[in-house]
1. So if a site counts as exposed when it's one of the GluC sites (Glu not before Pro), its DSSP state isn't H, G, I, E or B, and it has at most 16 other Cβ atoms within 10 Å, what's the longest stretch of chain A without one?
2. If you take the charge dipole of the range C:44-201 about its Cα centre, with +1 on Lys and Arg Cβ and -1 on Asp and Glu Cβ, which of C:Gly122, C:Ile58, C:Thr180 is farthest toward its positive end?
3. Just want to confirm a number: the relative contact order over chain B, from Cα pairs under 8 angstrom separated by 6+ residues, in percent.
4. Which of rounded, prolate or oblate describes the range C:257-334 when judged by the alpha-carbon gyration tensor and an a/c cut-off of 1.5?
5. With an 8 Å cut-off on Cα pairs and a minimum separation of 6 or more residues, tell me the relative contact order of the range B:110-188 in percent.
6. Per the Kirkwood formula on distinct C-alpha pairs, the Rh of the range B:1-75 is how many angstrom?
7. Under 24 Å between alpha carbons, and skipping anything fewer than 8 positions from B:Lys142 in its own chain: which lysines qualify?
8. Please state, to two decimals, what the Cα-based radius of gyration of the range A:238-313 comes to when divided by 2.2 N^0.38 Å (N = residues).
Amino acid sequence: MPEQLLFAMEVTLNGLMAGVLYALVALGFVLIFKASGIFNFAQGMLVVFAAMTLVGVQTGQIPFAHLINTIFGTKIHHFGWTVPTIIAIIVAGAAMVLVAWIIEKYILQHLIGQPDIILFMATIGMWYFMHGFAPLMWGSEVMKLDVGLAQGINETIDTTTYGWFGYGFFIDNLDIVAAIVAALLVTALVLFSQYTKQGRALRAVADDHSAALSVGISLRFIWVLVWSIAGFVALVAGIMWGSKSGVQISLAEVALKALPVLMLGGFTSIPGAIIGGLIIGVGEQLFEFAIGPLVGGATQAWFAYVLALVFLIFRPQGLFGEKIIERV
Amino acid sequence: MTTDMNADSYVTEDGRTIGPVVMDLKNITLRFGGVVAIKDISFNIREGEIRAIIGPNGAGKSSMLNVISGFYKPQEGEVWFRGSKRPQMKPYQVAQQGLARTFQNIALFEGMTVLDNIMTGRLNKMNANLFQQAIWKGKAEKEELENREACEKVIDFLEIQHIRKTPVGRLPYGLKKRVELARALAAEPSLLLLDEPMAGMNVEEKEDMSRFILDMNDEFGTTIALIEHDMGVVMDLSDRVVVMDYGKKIGDGTPDEVRNNQDVIDAYLGVSHD
Amino acid sequence: MFYREAGDFKTSYRDDNQTFPIRLDRAGYWIALFVAFCVIPFFVNDYWVNSIFAPFFIYAIAALGLNILTGYAGQVSLGTGGFMAVGAYACYKLMVAFPDVSIVFHVLIAGGITAAVGVAFGLPSLRIKGFYLAVATLAAQFFLVWLFNKVAWFYNYSASGQINAPERSVLGVVVTGPNTEAWAKYMICLVFLVVLAWVARNLTRGMTGRKWMGIRDMDIAAEIIGVNPLMAKMSAFAVSSFFVGVAGALFFAVYLGAAEAGESFGITKSFLVLFMIIIGGLGSIFGSFAGAAFMVLMPVILKNLLVGTLGWPTEIAAELEFIIVGGLIVIFLILEPHGLAQLWRLTKEKLRLWPFPH
């Protein structure tokens, strides 16, 4: 087999794995958008915040240490203990529920009935707020996240492919774990929304707010619930991304790529988010592999956005979105 | 002049002149996917008349109006305007031909003042380019002032002087309806389409609105096609009435003819449809 | 109690249409202009120009531009930073290629080029709306910044990848390069701002502005009453991008003197200008000024207070700035979606009735 083709196959596989991560972030967007019609620009920041909180709790960091030190002249930084991973994850999860509750109570409640675009801009404000709040709470250094996930090259795939093609594929174990976790997460979400009472309520709200209200579903509860789930999904995404490249605020900008993923997949479709994520993951890797060297490289910075833009011109509702019908 | 309604032009009982056909709809069929909203309907609108379209809910009246104003494109049939067949057109091109309309659910620009809303009705009368408008002094200002004067006439006519500079969002429903009418009227349309101009109004407001419609027709000679549910109003105002039911035309004629039409009576009083 | 229209009779539609219908406002406007042109230039020093006046004037131009697109025409854009970069790089290429032509023309042509690029990226707005469009404009942001970083032609193959403004003068006064005097910097920005604000006012009060607002408030109805959506949206993108391009050109040539696309015109810049118009007031000329002033002054004050007076690390000041700005955005959207401009209007309305409010 020609070498170029083998490289391309490897790139494609790695692209698929990267796509899974995009899809994980996108999933949080879709959940919120379906349930509340809010386009949550801050989802990427939730990912960062969740991951930072996890590391902070795990390593026993004192929140706002830097600020406290500055005001009181103290020199505190750590509690001096470490927290077992599983407990740290639970605490971080609880923190995300708290964030969801705060967002619902202090922001969304007051913006009910405003045009979508105002809500959208409010989430940009949230993005900015957390951009300052997260490092203020946990410091601005890159944090190392380690929850004991397998990392490094997968030897089995390497040797197997070497045996087949005479060339070993480099696939990171972490990517494989991420793919499995993502699959489990999606399955769990689907089961939850199909077979539980809350899940049904959630789908009802997604369909029609007023109708859901009229049959006695508490909109507030559903919104807190869905933002909590989105926060939990963000935590999972944060663990995956963080394990790979450390946790820092700039991760939020990478997570913005979930937006073109959604535009491609359609804002209301969970399968859309996943397939969109995979298309973009593979697309940008292959593009960089094939065209990148000719134009100076680093095309990942814009490829996803331009692809989504071009795609939208021809199909404004995305791959799986519901068709937009205009009426007078 | 004759009073024979089939002639090219004739004089009505109250002395208004009805001219030749302005808008002629021929065999219009409109489908949404599998649903047939309008089925093979033909009727015309003559210059200077008040033409009503009535029918039970879901009969396809608003769809008909949307076909006339170019928002929906019928799958079959032809629209003839002033003696020539209208090609495929965008809604704004239809407006440029001299059609103006109001909407069933008020479609005003909520962020603008009443005056600005009415001025938008004049947009086809103003043609200063972007550069001239950026400079303002000269053509743009002159045009603005001339058209302001035209709008003030409409404002006087509809008696809304006191709310001229109020943002539309703050107005009550009845006044909004009136402002919307003012915007359409400011365009000096050759055909004015009114989609339920009296929906949701109390008796007093309905009387006002009826007066405005009659005066418009009388003073400016505006041709009007309207959809309305209030039978009393329709029968009093209109010269001719089209009755629709389930997307089909079941009656067409003077109010008296329509009133005595058996199909129409059935549609309104309810007779099983098999 | 002198602040009212009573007694100030308007006898023509021209008078009725004027920008400041109240006599005291008119006086205030002329006084402000007089002070800005004839008093301040004699007193400004480098610190005031570099940390307050120049960024304020330039951001006000950018905010006017974005407000035309977002506040008046209702098309949210997150590509402002990218479009500013187009203005900056176009201006740079022109300055280097045609050293004999006045920089005023370079800046204007750079605005024109940005307008063309803006229209190209605005075309999708015909098919996609609302936040879909906002995300689509991110494509412009990321693509343009990448382009200026990667294609060496744009920065004339300089080793640092930066562009540096050569020295140019207007009417014999140096306005770009390291030898520019404070007042010259101040004046050139002020002149551009005043002229462009006047243009923005003219466009938004006339039929073009009404078409834009029609598209914003109810696009389908606007089309049915005769607004050509293609022309309305494209003119909004063109005019808006022109303003933003001019702002970018001035930002690079006059204010920074040197720029690098990713650093100077990144996505943070897009947010910054968007926040200016949200806080200042969507769909308001005054709001663009107020928002720009606020967003320029706030960090300066915060930094002076926390870092200068209290001796806190700049890092914390920067983080608090994010928190305050983000928080304010949310608060403004909740309490006063029309921003500072609306607060100002309400104050004026109260003042008009003062001291007898009933």
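1. A:142-321
2. Going by the charge dipole, the pick is C:Gly122.
3. Contact order relative to length: 25 percent.
4. Oblate, because a/c is 1.5 or more while a/b does not exceed b/c.
5. 54 percent
6. 13.9 Å
7. Cross-link targets: B:Lys125, B:Lys153, B:Lys165, C:Lys10, C:Lys211.
8. 1.15
Every read-out reported here was derived from the displayed coordinates using simple, explicitly stated rules and does not represent laboratory data. Because the structure is a prediction, the values reported are computed rather than measured. Cβ coordinates were reconstructed from backbone atoms using ideal geometry, including for glycine residues, and neighbour counts include every protein chain displayed.
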